[in-house]
1. Could you tell me which of the residues A:Ala96, A:Ala144, A:Ala136 is buried (at least 24 other Cβ atoms within 10 Å of the Cβ) and of a type in the set (A, V, I, L, M, F, W, C)?
2. Which residues, counting only those in region B:115-160, are under 26 Å from A:Phe46 (Cβ atoms) and of a type in the set (Gly, Ala, Ser)?
3. Name the helices (runs of 4 or more DSSP H) wholly within region B:305-416 that hold at least 1 residues that are in contact (Cβ under 8 Å) with a residue 12 or more places away in the chain, away from chain A (no Cβ under 12 Å) and in contact with a His (Cβ under 8 Å, 6 or more places away or on another chain)?
4. Any chance region B:133-153 includes a residue that's surrounded by fewer than 23 Cβ atoms within 10 Å (Cβ to Cβ) and touching a strand residue (DSSP E or B) at 6+ places or on another chain (Cβ under 6 Å)?
5. Name the one entry in A:Val35, A:Val57, A:Val42 that is in contact with a strand residue (DSSP E or B) (Cβ under 7 Å, 6 or more places away or on another chain), touching a residue at least 60 places away in the same chain (Cβ under 8 Å) and not basic (Lys, Arg).
6. Take B:Ala289 and tell me if it is surrounded by fewer than 19 Cβ atoms within 10 Å (Cβ to Cβ), assigned by TED's automatic domain parsing to the domain that holds B:Gln407, out of contact with any helix residue (DSSP H, G or I) (no Cβ under 7 Å at 6 or more places or on another chain) and not in a helix (DSSP H, G or I).
7. Going by what's in this entry, would B:Tyr235 be described as assigned to a helix (DSSP H, G or I), aromatic (Phe, Trp, Tyr), within 13 Å of another protein chain (Cβ to nearest Cβ) and farther than 30 Å from B:Gly164 by Cα?
Amino acid sequence: MNALKFAAAALVASTAFAGTAIARDQIQIAGSSTVLPYASIVAEAFGENFSFPTPVVESGGSGAGRKKLCEGVGENTIDIANSSSRIKQSDIDLCASNGVTEIQEVRIGYDGIVFASDINGETFAFTPADWYNALAAKVMKDGALVDNTARTWADVNPDLPDQDILAFIPGTKHGTREVFDEKVLEAGCEATGAEEAFKAAGDEKAEGCIALRTDGASVDIDGDYTETLARIDANKNAIGVFGLSFYENNTDKLQVATMSGVNPSTESIASGEYPISRPLYFYVKNAHLGVIPGLQEYIEFFVSDEIAGPDGPLAAYGLVSDPELAKTQEKVANRTPMAPLN
Amino acid sequence: MTDTSADTVAAAGRPKARSLYQVSARTRKRHASETRFRMMGLAAVIFSIIALLGLMTSILSNGLSSFKQTYVTMEVFLDPAKLDKKGNRSPEDLAKITTFTIQPLIQTALAETMEARGIAVEGVNAKTAVELISKEAPAQLRHFVLANPELIGQSVRFELLASGRIDGYYKGRVTMESAALDRNISPEQLTLADELKAAGLLESRFNWSFFTAPDASDTRPEAAGLGVAILGSAYMMLIVLALALPIGVAASIYLEEFAPQNRWTDLIEVNIANLAAVPSIVFGILGLAIFINFVGLPQSAPIVGGLVLTLMTLPTIIIATRAALKAVPPSIKDAALGIGASKMQAIFHHVLPLAAPGILTGTIIGLAQALGETAPLLLIGMVAFVREYPGAPPEGFFDPASALPVQVYNWTQRGDPAFFERASGAIIVLLVFLVIMNTVAILLRRRFERRW
């Protein structure tokens, strides 16, 4: 009986609490799982070096994060959305319709995408054309588009090892897939002349370039890189697509393939020699600056040389430092909202 | 069925009398089918035991090592020239010390310690030697300096975490061969670690901080712990217990003892049974829509998690409570009513106490189910990197927190293999909690259950 009374009292107390809004004193961040490791490194260092509490960083995907950012203004909405792809006009429209008018775009650096296989297996040197010819549904053969029948990498390019084609690529919900489509498949499509053929056949946007074969040679991985690594561990013949930082943490299990003769590293990506990289961003709701304690300090700390510079902890973890970091620092200090997308 | 058909056959015309000692073909067939069934049953049990053993071995072999941790013990000189340039020891100035200024102090301290002990390994300089020590160490020192500013200018003995790769070396995860290929550690650094160990500066101990420390970022797996997750899970369980038990019991008593038996109660009954089978993510969607967007409760907070899990646990508790109430013989209630007790007195004084063990068992099983739930927490922002401990309840219910299964999920996604070990360790902790809860449920039932 007493326990029952106590529980009833607790129920009343908790509903009473529910009525009053509690002021939030920590920064709330959500978004890309690619940016998550960097954001958590910065959040941790921020909590250690400032008197503000450590920000809470959620993952869940770039698109979901931007949508959450655009839910509105107020303490129950997040302050920052991490994103591995640029914000879309639809997000900006959604934001505007919910009263989120000023958004700051902060580019934190570049992320390289690498192709890696089991450390004890064959060594690969790819070009985008190899990947297109290995994975696309239709490829060019003797000047005509035909169904892809390549079975081994040697079928694709005699210089490659005679090993069955099996590729673990990120699933379509990943931001990484967009980069893979654009910088690898479309580049390969163009290089092999397939793009011309698609356009000639009436496919105006050459959408056939990113249509993949469905006979099991290419496998979509909807999980994260740890899943790709586990699959490669079980299937030594496979080649996986990883983020550079993930590869750098697992160099004892993976060997990386060169792309067009360039070895991926933070240096070769920064110089633009290594072709497959993408910028990483976070988006800040300007209306929350000055309301949520520490928000301005956090974004300034994030883009400071100590953190995002070439010798900072983010670069050590695999982020390619942005050569135009000084510009970003200036924009952040002035709280410059982003210009309309062009 | 077989018996009756056998009888009809026998009645139709028995060919000749046979001795009972002589086993007929029919009997043999029946025995054989029984043996087959037994074998299949046994095979099913053996299969499940093998699967369980496989799971346990994989988790234990991967995770037990997370309960040990490697530490480096050494003296660090808290250089006033670096830490307190103005020499006034004022808290405002000290608060500006960053972990970046402290890092060189550790580097110097390690280099000096190595020199004093005559430890040197070819190919390792002061800069690479300090990579043996966790990146958590500067934060630990900064915290210490801010708490004890009077010790600036003195040498203080610190116990610092060794880096994840070094820790992995003493757990067999990192070997000389793998280190040769690894960009984050070199065989020379491992040799240095061995030398430090021989000199007594480096040792492995039980890892208490695994249970108390908060989560850590990807660069320092060695510092990651379950503290925030355990607190968050505990808070949520408190909320679930405080809400689901009284509501569930009250609803069951009403439905079982007071409600008229009509279509409405049938409908409610069907719905409760249905809710018990609804996928838990649905409750997460509900929680996001109602508790966060409509009521305006904070994100990532145990209060929202607790409310969502309460909704999820209620059907389980109601079903278990109703079964327990039904199991109490009606004669007891009738006797109470017969000597003039009111219906409420009869229920609260006689039926409920007798049903209590069953109710508690159902509640604990419901709680255990809620403890292991991740999906509904995904949508309310609890699947997150949270480093601050939530405050003491009740305010702490509104602070961001993590939960045990969430921590497992988060750690399995990280790039550094050391987090895989931590995740397995977290699974062990979660399993231990579940085993304890279920054991308590069984003990309660054994101790207090009455059969009629």
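1. Values: A:Ala96 fails: buried (at least 24 other Cβ atoms within 10 Å of the Cβ); A:Ala144 fails: buried (at least 24 other Cβ atoms within 10 Å of the Cβ).
Of the residues listed, the single one that is buried (at least 24 other Cβ atoms within 10 Å of the Cβ) and of a type in the set (A, V, I, L, M, F, W, C) is A:Ala136.
2. B:Ser134, B:Ala137, B:Ala139, B:Ala147
3. Working: elements: B:330-338, B:343-346, B:352-371, B:375-379, B:404-412.
Correct list: B:330-338.
4. Applying the first criterion (surrounded by fewer than 23 Cβ atoms within 10 Å (Cβ to Cβ)) to region B:133-153 yields B:139-140, B:142-153.
Add one more test, that the residue is touching a strand residue (DSSP E or B) at 6+ places or on another chain (Cβ under 6 Å), and what stays is none.
Scanning region B:133-153 turns up no residue that is surrounded by fewer than 23 Cβ atoms within 10 Å (Cβ to Cβ) and touching a strand residue (DSSP E or B) at 6+ places or on another chain (Cβ under 6 Å).
5. Numbers: A:Val57 fails: touching a residue at least 60 places away in the same chain (Cβ under 8 Å); A:Val42 fails: in contact with a strand residue (DSSP E or B) (Cβ under 7 Å, 6 or more places away or on another chain).
Of A:Val35, A:Val57, A:Val42, the one residue that is in contact with a strand residue (DSSP E or B) (Cβ under 7 Å, 6 or more places away or on another chain), touching a residue at least 60 places away in the same chain (Cβ under 8 Å) and not basic (Lys, Arg) is A:Val35.
6. Numbers: surrounded by fewer than 19 Cβ atoms within 10 Å (Cβ to Cβ): yes; assigned by TED's automatic domain parsing to the domain that holds B:Gln407: yes; out of contact with any helix residue (DSSP H, G or I) (no Cβ under 7 Å at 6 or more places or on another chain): yes; not in a helix (DSSP H, G or I): no.
It is false that B:Ala289 is surrounded by fewer than 19 Cβ atoms within 10 Å (Cβ to Cβ), assigned by TED's automatic domain parsing to the domain that holds B:Gln407, out of contact with any helix residue (DSSP H, G or I) (no Cβ under 7 Å at 6 or more places or on another chain) and not in a helix (DSSP H, G or I).
7. Details: assigned to a helix (DSSP H, G or I): yes; aromatic (Phe, Trp, Tyr): yes; within 13 Å of another protein chain (Cβ to nearest Cβ): yes; farther than 30 Å from B:Gly164 by Cα: yes.
It is true that B:Tyr235 is assigned to a helix (DSSP H, G or I), aromatic (Phe, Trp, Tyr), within 13 Å of another protein chain (Cβ to nearest Cβ) and farther than 30 Å from B:Gly164 by Cα.
Conditions tested, residue by residue: (1) within 30 Å of B:Gly225 (Cα to Cα); (2) in contact with a helix residue (DSSP H, G or I) (Cβ under 9 Å, 6 or more places away or on another chain); (3) modelled with pLDDT under 90.
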site: B:Ile317; (1), (2), (3): no, yes, no
site: B:Lys326; (1), (2), (3): no, yes, no
site: B:Asp334; (1), (2), (3): no, yes, no
site: B:Leu352; (1), (2), (3): no, yes, no
site: B:Gly366; (1), (2), (3): yes, yes, no
site: B:Leu378; (1), (2), (3): yes, yes, yes
site: B:Val383; (1), (2), (3): yes, yes, yes
site: B:Pro390; (1), (2), (3): yes, yes, no
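The values are calculated or read from the model by the stated rules, or taken from the named source; none is laboratory data. The structure presented is a predicted model; accordingly, all values stated were derived computationally and were not measured. Note that we place each Cβ from the backbone using ideal geometry, even for glycine, and neighbour counts take in every protein chain shown.
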